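First up is the structure itself, then whatever we jot down about it.
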Amino acid sequence: MDCLSGQSLGFDIRMAFQPIIDWQRQEVFAYEALVRGPEDQGAGWVFERVTDDNKYYFDQSCRVKAIETASRLGCDKLLSINFLPNAVYNPETCIRATIEAASLFGFDLRKIIFEVTEGEQILSQDKLRRIFESYARHGFLTAIDDFGAGFAGLDWLHGLKPAILKLDMSLIRDIHRDPARQQRLAEVQRICHELGTLILAEGIEVEEERDFLVNAGVRYLQGYLFARPTLEHLAGRDEINGWR
């Protein structure tokens, strides 16, 4: 089935967007595309309908829908798209559909970030490394999402060399008063500095977390403190809270 058609799923999907801010520049850095149901049902509703039989087409349809919606909304920032590595049978085939969608909807390929959630059990680090390398060859940025919540240890960073590492909210929550989390952050920052990997803190909910992270040198921030995901809408700077 043609990945651009989305007809293989058996249910409709839409996209919500949550801004990621560049604290240093005081502007939006990127928007993360988050899957929703046709009537704004949450991701849980959607994933209940994902099976082994439709997982590949679901992954492809999410890419296409994210690009189509972001383009229609006039997105001129980076666009972060989640992907399911265990659904990627052949990176080059998946990339071809992404390129076709970007061409069809007039979206700049250089503004696409592909992020893999650390919460999904990855059967093979080598497989994910090949996927990341394939994406990088085509000019896409790569990211590990939810770092600290799942399978990946710091050793994975050396093997995968993602462009961006997103720290899970489990590391961010109350970091301003938790020395253990602060030490973990410093360790991750050291390795990311060696690799040239950008650090992004997600799940920020209170100003104290934001202030600690900013003072610790974390530049890219995301969370409910700033804005919640909104269906088919790109929040502008004046709609985002939590600026200095």
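Which lysines does Lys77 reach when only Cα atoms under 25 Å apart count, and residues fewer than 8 places away in its own chain are ignored?
Straight-distance partners of Lys77: Lys65, Lys111, Lys161, Lys166.
Place a +1 charge on the Cβ of each Lys and Arg in the chain and a -1 charge on the Cβ of each Asp and Glu, then give the dipole magnitude about the Cα centre in debye, rounded to the nearest 20.
Using only the charged Cβ atoms, the result is roughly 560 debye.
Using the crude model of +1 on Lys and Arg Cβ and -1 on Asp and Glu Cβ, and no other charge, please compute the dipole size for the stretch 117-243 relative to its Cα centre, in debye to 20.
The calculated dipole for the stretch 117-243 is roughly 460 debye.
Need one number: nm distance between label points at Ser124 and Gln24, each 7 Å from Cα along Cα→Cβ, rounded to one decimal.
Using points 7 Å along Cα→Cβ, the separation is 3.8 nm.
Over what distance in Å are the Cα centres of the stretch 194-231 and the stretch 34-70 separated?
About 26 Å separates the Cα centre of the stretch 194-231 from the one of the stretch 34-70.
Assuming a viscosity of 1.002 mPa s and a temperature of 20 °C, what translational diffusion coefficient in µm² per second does Stokes-Einstein assign to the stretch 167-244, Rh being the Kirkwood radius over Cα pairs?
162
What translational diffusion coefficient, to the nearest whole µm²/s, does the chain have by Stokes-Einstein, given a Kirkwood radius computed over alpha-carbon pairs, a temperature of 10 °C and 1.306 mPa s viscosity?
Estimated via Stokes-Einstein, D reaches 87 µm²/s.
What is the log10 of I(q)/I(0) for the stretch 205-244, computed with the Debye formula using one identical point scatterer on each Cα and no solvent, at q = 0.20 Å⁻¹?
-0.63
With a sphere of radius 15 Å drawn around the Cβ of Arg177, what net charge do the other residues whose Cβ falls strictly inside it have (Lys, Arg +1; Asp, Glu -1)?
Net of charged neighbours comes to -3.
Cα atoms only: what Rg and Dmax, in Å, come out for the stretch 126-186?
13.4, 42
Students often check this: by mean Cβ neighbours within 10 Å, which of 49-58, 78-87, 21-30 ranks highest, and how do the rest follow?
Per-residue Cβ counts within 10 Å, averaged per peptide and sorted highest first, yield 78-87, 21-30, 49-58.
Counting only protein heavy atoms, what percent of the accessible surface of the chain is carbon or sulfur at a 1.4 Å probe?
The nonpolar share, carbon plus sulfur, comes to 46 percent.
Excluding ligands, DNA and RNA, what is the solvent-accessible area per residue of the chain at a probe of 1.4 Å, expressed in Å²?
46
Which of the peptides 222-230, 181-189, 103-111 is most tightly packed, and how do the rest follow, going by the mean number of other Cβ atoms within 10 Å of each residue?
222-230, 181-189, 103-111
The values are calculated or read from the model by the stated rules, or taken from the named source; none is laboratory data. Every value quoted in this text rests on a predicted model; they were computed, and no experiment measured them. As a convention, Cβ positions derive from the backbone with ideal geometry for all residues, glycine included, and neighbour counts pool all protein chains shown. Side chains are part of the model used for accessible areas, which takes the heavy atoms of the whole protein and leaves out ligands, DNA and RNA. Shrake-Rupley method; radii C 1.70, N 1.55, O 1.52, S 1.80 Å.
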